[in-house]
Amino acid sequence: MTANNQIPQERFEEIERFLQGRMSPEEESGFRQRLSADGDLSKEVEDVRILLVGIEESALEERLDAYHGQISVAPATPFYRRAWLAAAVIGFLIIGAWWLLQSAPVNKQLFTEYFHPDPGLATSMGSAENYAFERAMVDYKTGKYNEALKAWKQLQASDTLDYFIGSAYLGLKKSDSAAVYFRKVIADDQSLFREDANWYLGLSLLLENRMTEAIPYIEQSSHNEKESLLSKLKQ
């Protein structure tokens, strides 16, 4: 990850405002356009997001400690064993992923190549009113999609919830369920998530091997990889 001291302070603060949803609609729209066109900016956003997630998880852990007693911990695995196991697991995953990618149908190969989960919204874990949503957002950002879905489905519906419920379903590769929620977002002319929902709905259809149907939705997105994906879909 790029150390945050390598990102100019002004841009770091701008990215932080974007991730925490503190931009005006006009500023956010302009920032998303820059994000779609600038790969370096996308990388910086991801670096700052990872940093903030780490801070959020630390804050959450401190809050949870107030509710739980001491938990006994098993003796730590010696470092040399951990390092050997980690290297073995990484090697196995790389070989397995390569084999699966080579043997997968074209639509699944393209989905694997182009699907990157939405990074999610920044959370402060400070408001009791938003605690359930934000706690589930931490689960979502750490890949615990089922836990996030269970919590979000109990909250009052909104375009934001619909978008992230769809994103969680797609993270689980449940493309049919994901498509239902992305279509709801696209139907809302005022939603800030419409263009992103078009991209992910296109990927949902791609995963279902409905490649021709996927094209119009991908075309309506502003994702920085859309032209690359469209060229492969139209071959």
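Below is a table of values for the structure above.
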read-out: Fewest-first sequence of Met137, Met211 by Cβ atoms within 10 Å of each Cβ; value: Met211, Met137
read-out: When each of Lys141/Lys173; Lys150/Lys174; Lys144/Lys232 is checked by Cα-Cα distance, pairs over 26 Å; value: Lys144/Lys232
read-out: Gain upon complete extension [Leu172, Gln156; 0.36 nm per residue less C-alpha separation]; value: 3.5 nm
read-out: Residue order, fewest to most beta carbons within 10 Å, for His116, His223; value: His116, His223
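Read the figures in this text as sums done on the coordinates, not as results from a lab. Quick caveat, the model's predicted, so the values are computed rather than measured. Because the Cβ atoms are built from the backbone with ideal geometry, glycine has one as well, and the counts that use them run over all protein chains shown.
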